[in-house]
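The values are calculated or read from the model by the stated rules, or taken from the named source; none is laboratory data. Here the structure is a predicted model, which means the values were calculated and not measured. Note that each Cβ is placed from the backbone with ideal geometry, even for glycine, and that neighbours are counted across all protein chains shown. SASA here: full protein model, heavy atoms, side chains in, ligands and nucleic acids out. Shrake-Rupley method; radii C 1.70, N 1.55, O 1.52, S 1.80 Å.
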Amino acid sequence: MFGYHGKLLRIDLTTQRTTWDPLDADVLQRFLGGVGLGTYLLYTYCPPGIEPFDPANPLIFVGSPLVGTRLTTSSKFAVLTKSPLTGCIGDALSSSFLATELKKTGCDALLVTGKSPFPCLLVLQDGVAAFLDATPYLGLSTTETEHEIKVRLGRQTRVACIGPAGERLVRYASITNDGGRQAARTGPGAVMGSKNLKAIAVHGTHTVPVFAADALQTIGTSLTQRSLGPATEKYRTLGTLANTAVFNRLGTLPTHNFQRSTFDSTEQVSGETFHQRHFVTNAHCANCTIGCEHILTTIDSGPKAQGRLEYESAFALGSLVGVADANTVIRAATLCDELGMDTISAGGTIAWAMECFEKGLLTAADTNGLVLRFGNAEALLECLKLIGARHGIGDLLAEGSHRAAQRLGHGTAAWAMHVKGLEMPGYEPRSLKTMALGLAVSTRGACHNRSSAYEADFSSRVDRLRAEAERGRLTMEGEDFSAVLDSLIWCKFLRKAFTDFYAESAAIYTHVTGWPMTAAALQQAGERINTLKKLFNIREGWRQEDDTLPPRVLTETLPTGMVQGIGLSKVDLDMMIQGYYHARGWTTEGLIPEQKLHDLALLDLVQRFD
Amino acid sequence: MSMMQRHNKASAGVRVRVELFGMARLVCGCPALELQLHDDTTLADVARALAIACPALRGVALTTEGTGLLESYTVNLNGHTFVTETGVHLQPGDTLLLFSSQAGG
C-alpha cells in the first residue's frame, strides 16, 4: 500500500490492551484521512448514546496520506471524539511534528478508549505501547509537561498533552503538541482528561512509500512556489490578526458578547498595532513554507508573556470581553495555551458572565470577588485561572456558556452565544448572512472553519447583508470543500494557492497512493464526509431546532457602525436553512433520505451500526 | 456606454477617502488617503491613483508598475460592494477600503 499503512491502532487504557485493525482500501478511498477517516472511525467505534466522559467514548488521532511527504503544510492531524461541549461530533485539527511521528509509529489512526486506573503517560514506540505513571506531570502547564517528557524520553519524542484544564475536565479543554499547537475546539482535551490520560509520547521509524515520487515532487515544488505568493500574503505578513481592523470597519467584529459589532478601541488591539509594537518573529509548523505563526510578546511592566496569537484568540479575549490592552490579550491567550483550553470558548463564556454581572445576575459574591465587567483586564486573567482550576466561579464557567446559563437560569440563556453548545467565533452573523447560515447548520456547532461560509460574504458574489435561500448552496459547497481540505489534510491557509483545488488534490492523491482519484470523486467524498457527520449527530440526538442561532442574533439589531439597524429574523434564517437542506438533497426536516445514503455509499455503514 | 465614454463625460470627478488596512497601512504610515477619481472608476484607476499618492504601496498592495492591484488585495466601496475590473460609480463622500483579499481565518 502506498501513502497509507492500512492500519488502525486501538488502545484500551482500562485493560492496557493494544489491537491492530486493518483499514481497507475502500474505507481509505471513501474517507481519505484526517477528519473524514476520523468521522468514519467515530461513527464505527463510538457506542450510540454514550456520555462524552464515558470511558467508551473514543479519542481518535488521525493522520492522512499526505503526512510524511514533503508537500507543504502536510504535517497535520485531526482529533475526533464525541464532544463534551456539544454532545455532537467533535473534531479539531492541529499541526507539526507530532503528525509525522504518529505516522512513523506505523498506523494511520490511533484510537484510545477506556480509562486508565492511574494518571497515564502513554508511550508509543513504533506502535508498541507502554503505560507510564504520569503523576509527576499532574498540574503542570502544557509547555512544562512537554518539556519534562522530552527530558525523560528524549528530544526526538513528540508529545500530545493536556494542561490543568484538561485534567479538571474543563469542557473546552485542548490537546497541545509541539510547543503550543492546539487541537482545541469542541474540547477534546476534556475527553483525554476523563481517560486519566495526561499525555501521549510518540516516536517511530516506519516510513510509507509514495506511488509516484517524481510526479509528486513536480507538483509539490509548484505548490511550494505558490505558497510563497499572493495567495498567502496576509498570513505571512500580519497573519489572521489583520482581520480585526477590517472586521471592525465592516461591522462584523463581535464586541461585548455580541451586543454590538464594532469596538471603539480596535486600534489598540488591531493586527497592525500588534505587528508594530509586539512582533518578535514568524514561526512555521513542520513541513510548512507559509510561516503564518506570529510570535508576539508583552512590552509592559507586567509578567512577561510570549506566544502566537491568531485573530480568533484576539477577538475572543479582546473586543468580545471589551479588553483593549494588547498586553493583556497576549497574556490571556498565552494563559489559555498553558492551561490547555480553547480561547474562543473561554472568551465567549467569560463574555456571557460579564453580561450577567453587568445585569446583576452575578455579583462579586458569586465571582470570587471579581468585578466581572466588560473591559476589566485583570478580571479576565483571574477568571481564566479560576476556570483552569475549576475554582469558585471558574467551576461554573468551565462548563461553557450553554450549560452555565442553564445552571444559572434567570433568562441568561438569551445571551449565551453558542450554537449546539459551541461558543461563537469572531464573525458577526447579522452582518454576514452566509456565515450566519454556516454557523447555524454546522455539525460542529458555531464553527467558521468547517464551512468557510464567510468567504462568500467577503466577496463580490453576494450582498452580505441580505438573506437568500441560495446561500444554502454556497454553504454546502464551502462545507464540502473544507471536508476535503481537512481530510487530506491541507492547511486552510493554502487553499487559495490551488489553481483548481479538486483537480490538483485528486492528482496529488493519485501520485501518493497509486489509486485513481478524480476531482468529482473527491468532491463527492466531501459530501459523503459531511453527510456522515450529520448522521452521527442525528444518531446522538440532533433535533431540527438545534440548527439555529442564539436568540440575541434573531431578535436584536446591530446598534453601531455601518451596519446599524441590521438584524436577522428567524424567518430569514429558516428560509436559508431550507435552502441548505434543499441543496443537500435532505428533507425539509433536515433528515437524509435513504436514496442519498445509497448515492454516497453510506447505506451499508448506517444499517450496520444503527 | 463604454467605461471610456463615461470617463470622457465625467470631467470633474469626485474626491473620495481611501482607508488602508494591513501592510498597506503600515507602509503608507497613515490609515487613510484622499484621492481624486473619475466618478466612473475601475480597479485600475484606483490602483494608478494610489501609486501616485503613496509609491510605497507598489509591490505591497499594487503591482510594481503601479497599474493594478496585486491579487492579494481588494477594494471595497463603502463596506458593501467590491470594485471590479468593470468599474463602479462613485459619489462624493464615498469611501474605498483597501484590504487583503484573503478573507477571514
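What residue, among those in the stretch B:70-95 that are closer than 12 Å to B:THR42 by Cβ and more than 11 Å from chain A (Cβ to nearest Cβ), is surrounded by the fewest Cβ atoms within 10 Å (Cβ to Cβ)?
B:HIS89
Yes/no per residue for (1) touching a Pro at 6+ places or on another chain (Cβ under 7 Å); (2) open to solvent by less than 40 Å² (accessible area, probe 1.4 Å); (3) at positive phi; (4) modelled with pLDDT of 95 or more:
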{"site": "A:GLU144", "(1), (2), (3), (4)": "no, no, no, yes"}
{"site": "A:ARG152", "(1), (2), (3), (4)": "no, no, no, yes"}
{"site": "A:CYS161", "(1), (2), (3), (4)": "no, yes, no, yes"}
{"site": "A:ALA165", "(1), (2), (3), (4)": "no, yes, no, yes"}
{"site": "A:ALA173", "(1), (2), (3), (4)": "no, yes, no, yes"}
{"site": "A:ASP178", "(1), (2), (3), (4)": "no, yes, yes, yes"}
{"site": "A:ARG181", "(1), (2), (3), (4)": "no, yes, no, yes"}
{"site": "A:ARG185", "(1), (2), (3), (4)": "no, yes, no, yes"}
{"site": "A:SER194", "(1), (2), (3), (4)": "no, yes, no, yes"}
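Going by the conditions given, is A:ARG461 more than 21 Å from the chain's Cα centre (by Cα), closer than 23 Å to A:THR557 by Cβ and within 14 Å of chain B (Cβ to nearest Cβ)?
The answer is no for A:ARG461.
Quick one: is A:TYR454 touching a residue at least 24 places away in the same chain (Cβ under 8 Å) and of a type in the set (Phe, Trp, Tyr)?
When the stated conditions are applied, A:TYR454 passes them.
Among the candidates A:LEU124, A:LEU80, A:LEU110, which residue alone is open to solvent by less than 10 Å² (accessible area, probe 1.4 Å) and touching a His at 6+ places or on another chain (Cβ under 9 Å)?
A:LEU124
I'd like the full set of residues that are surrounded by fewer than 19 Cβ atoms within 10 Å (Cβ to Cβ) and touching a residue at least 24 places away in the same chain (Cβ under 8 Å), limited to the stretch A:360-372.
Listed by number, the residues that qualify are A:LEU361, A:ASP366, A:ASN368.
Applying the selection to the stretch A:595-610, what residues are loosely packed, with under 11 Cβ neighbours inside 10 Å and closer than 14 Å to A:ILE529 by Cβ?
Start the filter on the stretch A:595-610 by keeping residues that are loosely packed, with under 11 Cβ neighbours inside 10 Å, which leaves A:595, A:604, A:607-608, A:610.
Those that are loosely packed, with under 11 Cβ neighbours inside 10 Å and closer than 14 Å to A:ILE529 by Cβ: none in the stretch A:595-610.
Looking at B:GLY59 and the list (1) more than 13 Å from every other protein chain (Cβ to nearest Cβ); (2) open to solvent by 20 Å² or more (accessible area, probe 1.4 Å); (3) not charged (D, E, K, R), which single condition is not satisfied?
The one condition B:GLY59 does not meet is (1).
Is it true that B:THR64 is assigned to a loop (DSSP other than H, G, I, E, B), among the hydroxyl-bearing types (Ser, Thr, Tyr) and either within 24 Å of A:GLU455 (Cβ to Cβ) or within 14 Å of chain A (Cβ to nearest Cβ) (or both)?
Here the answer is yes, as B:THR64 does meet what is asked.
If you scan the stretch A:35-77, which residues turn out to be outside any loop (DSSP other than H, G, I, E, B) and of a type in the set (D, E, K, R)? Before the answer, list the steps.
Step one: list which residues in the stretch A:35-77 are outside any loop (DSSP other than H, G, I, E, B), which gives A:35-45, A:59-62, A:76-77.
The one that is outside any loop (DSSP other than H, G, I, E, B) and of a type in the set (D, E, K, R): A:LYS76.
All but one of (1) at pLDDT 90 or above; (2) within 9 Å of chain A (Cβ to nearest Cβ) hold for B:LEU98, so report the exception by its number.
With respect to (1) at pLDDT 90 or above; (2) within 9 Å of chain A (Cβ to nearest Cβ), B:LEU98 is out only on (2).
Just a yes or no: is a residue in the stretch A:202-222 over 25 Å from the mean Cα position of the chain (by Cα), within 12 Å of chain B (Cβ to nearest Cβ) and surrounded by fewer than 24 Cβ atoms within 10 Å (Cβ to Cβ)?
No, the stretch A:202-222 contains no residue that is over 25 Å from the mean Cα position of the chain (by Cα), within 12 Å of chain B (Cβ to nearest Cβ) and surrounded by fewer than 24 Cβ atoms within 10 Å (Cβ to Cβ).
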